[in-house]
1. Applying the selection to the stretch 92-104, what residues are under 13 Å from Met152 (Cα atoms) and away from the ligand (no atom under 12 Å from the Cβ)?
2. Could you check, for the stretch 175-193, whether at least one of its residues is surrounded by fewer than 22 Cβ atoms within 10 Å (Cβ to Cβ) and out of contact with any helix residue (DSSP H, G or I) (no Cβ under 9 Å at 6 or more places or on another chain)?
3. Restricting the stretch 294-317 to residues that are charged (D, E, K, R) and in a helix (DSSP H, G or I), which is farthest from Met336 (Cα to Cα)?
4. Condition first: over 16 Å from Met269 (Cα atoms) and of a type in the set (A, V, I, L, M, F, W, C). Now tell me which residues in the stretch 39-97 satisfy that.
5. Residue check, Ala233 against (1) out of contact with any helix residue (DSSP H, G or I) (no Cβ under 6 Å at 6 or more places or on another chain); (2) surrounded by fewer than 17 Cβ atoms within 10 Å (Cβ to Cβ); (3) of a type in the set (A, V, I, L, M, F, W, C), all met but one. Which one?
6. For the stretch 105-114, give me each residue that is within 7 Å of the ligand (Cβ to nearest atom) and surrounded by fewer than 22 Cβ atoms within 10 Å (Cβ to Cβ).
7. In the stretch 305-352, how many are on the phi > 0 side of the Ramachandran plot and in contact (Cβ under 8 Å) with a residue 12 or more places away in the chain?
Amino acid sequence: MAKEFARETICVQSGWKPGNGEPRVLPIYQSTTYKYETSEQMGKLFDLEESGYFYTRLQNPTNDCVAQKICELEGGVAAMLTSSGQAANYYAIFNICEAGDHVIMSSTVYGGTFNLLTVTMKKMGIECTVVDPDAPEEELAKAFRPNTKCVMAESIANPALVVLDFEKFVHLAHSHGVPLIVDNTFATPINCRPFEWGVDIVTHSTTKYMDGHAMCVGGAIVDSGNFDWNKYADKFPGLCTPDESYHGVTYTERFGKAAYITKATVQLMRDLGSIQSPQNAFLLNIGLETLHLRVPRHCENAFAVAKFLEQHEAVAWVNYPGLPGNKYYDLAQKYMPNGTCGVISFGLKGGRKAAEKMMDHLKLAAIVTHVADARTCVLHPASHTHRQMTDAQLVEAGVAPDLIRFSVGIENADDIIADLEQAISSIEK
Ligand SMILES: *Cc1c(COP(=O)(O)O)cnc(C)c1O
């Protein structure tokens, strides 16, 4: 599209652009492979001299249309889909780091990302320093080393609901000559576009609001195109020096602003193979078509639920960054003035026991591991995802033993509140 459309229009119209007589709806290119007339044409594809599809592990037309839509939603220059949010975060970091390098990461990131960096990538020789995102910039700056290659954080942390101070983190990363990677899963580009604040790379677990129906696990990486890799060429040899596995192509020279995503596609996706299935990309696209309608409704309902919980005498505390008085309210107003997300956490005065009992009485809200889809759902980390930990370990991990994670759906808010009300009143009985 020549003119930049508003996000609502991008959700509905971007990506698939049918030609005359072609299907109106994005087709599922359910094909592993693509036909060519001559052997020479195929050879040029393998040398990256011409662009074209040759094998779905690298690229698929259905996936590319959906990646293009997400790219436009974020206001980036290039994007790719991955099989999961985990794969997206792994590729986003591994694309610019190798054994001997170092990453700085916010302590409040999603548990899967925390493990990826502190356990699995550590085994690959990539060190990670975990920092408190609320620490002053001078304090955070002490974490940098000569081999630091990027800073990683989340726009709204899952499940801590910490809102990132974008300006502080952008300044921190750029004053040390490295890009800032932000996982924008919870805010979505409907509520927050990190590139507008100077973030360089955005990742997504599309499994959450983007899909929105709890149908498909998926991920995406988007590049702003703004980080000047060549300025710090010594730090990023993978992008700025020849790749012998492609007859000496230098990605920044040949692909300009598309260098980062091109490398992640033709090198990491080629060798590690976490492609999203075209069938899943098709379903993701349907989710994206209504993202701009669902996200405001999630936020509206979550706000109503948070207000209800806040005044309830059996509730000990409520954490929702959209609630005035919340520690992150001002940051949320600044960076996501139209809303934050649909996820709330809270604790009951009766503690852990009361939490378990209350959840068993919920009728509308289902107990599931998932978050951020159309149906209201609930999880008690101390009894589920973190159940092997003692109460002391839970507190250390930032997960209070009484913490209930409540993912507010797009049903009628009064029905969700009535369900909570009857479940909470059942504790006393
Ligand atoms: C769920 C989630 C992930 C992991 O995504 P999967 O699609 O489950 O692999 C990463 N980051 C955040 C913020 C998430 O919520």
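1. Answer for the stretch 92-104, where residues must be under 13 Å from Met152 (Cα atoms) and away from the ligand (no atom under 12 Å from the Cβ): Ile93, Phe94, Ile96, Cys97, His102, Val103, Ile104.
2. No, that holds for no residue.
3. Glu310
4. Within the stretch 39-97, Met42, Cys65, Val66, Ile70, Cys71, Leu73, Val77 meet the criteria.
5. Checking Ala233 against (1) out of contact with any helix residue (DSSP H, G or I) (no Cβ under 6 Å at 6 or more places or on another chain); (2) surrounded by fewer than 17 Cβ atoms within 10 Å (Cβ to Cβ); (3) of a type in the set (A, V, I, L, M, F, W, C), the one that fails is (1).
6. Tyr110, Gly112
7. Result for the stretch 305-352: 2.
Residues are listed down the side, and each one gets a yes or a no for (1) within 16 Å of the ligand (Cβ to nearest atom); (2) under 12 Å from the mean Cα position of the chain (by Cα); (3) free of Cβ contacts under 8 Å to residues at least 60 places away in the same chain:
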site: His176; (1), (2), (3): no, no, yes
site: Ile190; (1), (2), (3): yes, no, no
site: Val202; (1), (2), (3): yes, yes, no
site: Thr207; (1), (2), (3): yes, yes, no
site: Gly238; (1), (2), (3): no, no, no
site: Glu244; (1), (2), (3): no, no, yes
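A short reminder: the numbers here are calculations on the coordinates, not readings from a lab. Note that the structure is a prediction, hence the values are computed from the model and not measured. Don't worry about glycine lacking a Cβ; one is built from the backbone with ideal geometry, like all the others, and counts go over all protein chains shown.
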